[in-house]
């Protein structure tokens, strides 16, 4: 289960717990939750999926692929998301951050060999500035709306859920053609699924499994003190998103 926003910086595997730390130091705000019954059921489903499917697969993947290679994969996908970070920093008038993102992409795509390595940070101290369309809408005063737990993806809200589409359109993975054009029949056509959708799904699965392989055990640590899993994950998500928007 993916309970975080797309963040693949070097701190990610160390920061899965940290992204939710200190959130409860702020004054508690009651979350508008008309779908609490559905959300609770879906949280349990996602929890089971993580425990019995994603975590074992990620552990197997970790056993097969060395740490250096997995970090390279993570860095490569993070570099590809430059358009998302650049555009949303610009939309929020964070000119310096947008400039940093442009420099990071230029350096990491060349010296860093397509982003497999991050010399922009290691050599020049240029940090990534994570922003998405949900944060941009929040920056301009759009509220989160009611909370929604999405199958496999985890906690979200109305604002962030509808922001997922433009986020996806800014992901270059959407536009990568990895198979020859001369197939006699497009794979997935009989199921009514486009080849582009299948390819995006495959690459997203790779990215997700690779990410989880770098932070195994952290989800369990996050939820171990939760009295009720759904309200806990709901509150940490909403408070974390509010913090990101304020920043």
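The values are calculated or read from the model by the stated rules, or taken from the named source; none is laboratory data. Computed from a predicted model, the values in this text were never measured in an experiment. Here the Cβ positions follow ideal geometry from the backbone for every residue, glycine too, while neighbour counts run over all protein chains shown.
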| said: Every residue in region 217-227 that is at negative phi and more than 16 Å from the chain's Cα centre (by Cα), please. | reply: 220, 221, 222, 223, 224, 225, 226, 227
| task | With the condition kept exactly as written, say whether any residue in region 137-156 is at pLDDT 95 or above and farther than 22 Å from residue 236 by Cβ. | result | yes
| task | Please work out which one of (1) surrounded by fewer than 16 Cβ atoms within 10 Å (Cβ to Cβ); (2) touching a strand residue (DSSP E or B) at 6+ places or on another chain (Cβ under 9 Å); (3) part of a helix (DSSP H, G or I) is the condition residue 68 fails and give its number. | result | (2)
| query | Taking into account only those residues within region 20-59 that are at pLDDT below 95 and assigned to a helix (DSSP H, G or I), which is nearest to the chain's Cα centre (by Cα)? | reply | 20
| note | Of the residues in region 112-122, those that are surrounded by fewer than 17 Cβ atoms within 10 Å (Cβ to Cβ), over 29 Å from residue 54 (Cβ atoms) and touching a residue at least 12 places away in the same chain (Cβ under 8 Å) number 1
| message | Restricting to region 135-162, name every residue that is in contact with a strand residue (DSSP E or B) (Cβ under 9 Å, 6 or more places away or on another chain) and either outside any helix (DSSP H, G or I) or over 23 Å from residue 54 (Cβ atoms) (or both). | response | 143, 144, 145, 146, 147, 148, 149, 150, 155, 156, 157, 158
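Tell me, which residue of region 224-241 that is in a helix (DSSP H, G or I) and free of Cβ contacts under 8 Å to residues at least 12 places away in the same chain is nearest to residue 56 (Cα to Cα)?
Taking region 224-241 as the starting set, the residues that turn out to be in a helix (DSSP H, G or I) are 229-241.
Of the ones still in play, those that are also free of Cβ contacts under 8 Å to residues at least 12 places away in the same chain are 231-232.
Numbers: 231: 26, 232: 24 Å.
Once the filter is applied, the top-ranked residue is 232.
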| note | Within region 77-96, residues surrounded by 20 or more Cβ atoms within 10 Å (Cβ to Cβ) and out of contact with any helix residue (DSSP H, G or I) (no Cβ under 7 Å at 6 or more places or on another chain) come out as 78, 81
| field | Single condition residue 116 does not satisfy, out of (1) part of a loop (DSSP other than H, G, I, E, B); (2) closer than 23 Å to residue 237 by Cα; (3) within 20 Å of the chain's Cα centre (by Cα) | value | (2)
| under 16 Å from the mean Cα position of the chain (by Cα) and modelled with pLDDT of 90 or more, is that true of residue 230? | no
